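Contents: one structure, followed by commentary.
Values in this text are rule-based calculations from the coordinates and carry no lab data. Being a predicted model, the structure only gives us computed values, none of them experimental. Here the Cβ positions follow ideal geometry from the backbone for every residue, glycine too, while neighbour counts run over all protein chains shown.
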Amino acid sequence: MVSRIARGEQQEEPAVATTVATRPVPDDGHDGRPVRRLPQLLDIEAVAEVLGVSVRHVRRLVAERRIPVVKWGRLLRFDAGEIAAWLDRYRRPEGA
């Protein structure tokens with residue numbers, strides 16, 4: 001018995017729904033407080049790449065408490081906004 005594919009017949013694609021049911025996102029929480037957006041968290045390799053340093057150097061900054069970090073169990077995560085603010089604090093003014 002020869003299959004349909006071997007005979008060169010095209011297989012009909014099953015119909016797939018292309019619309020996705022979504023519900024509107026409320027502007028505030030169920031208790032009336034505004035919803036806070038979660039920060040984008042970076043891992044240590046991403047921070048090292050952004051800073052242009054080694055992972056070992058970032059670990060040293062963490063150990064010396066010189067860089068803002070979020071510890072989640074044994075994981076180290078970095079808030080992208082806090083890293084940007086931290087960099088701005090150490091930025092020299094232009095012309096100085």
Worksheet item: What is the diffusion coefficient of the range 41-89 in µm²/s, taking the Kirkwood radius over Cα pairs and the Stokes-Einstein relation at 25 °C with a viscosity of 0.890 mPa s?
Response: 230
Worksheet entry | Rounded to the nearest 20 debye, dipole of the range 41-89 from Cβ charges on Lys, Arg, Asp, Glu | 320
Worksheet item: Fewest to most neighbouring Cβ within 10 Å: what's the order for LEU38, LEU51, LEU61?
Response: LEU38, LEU51, LEU61
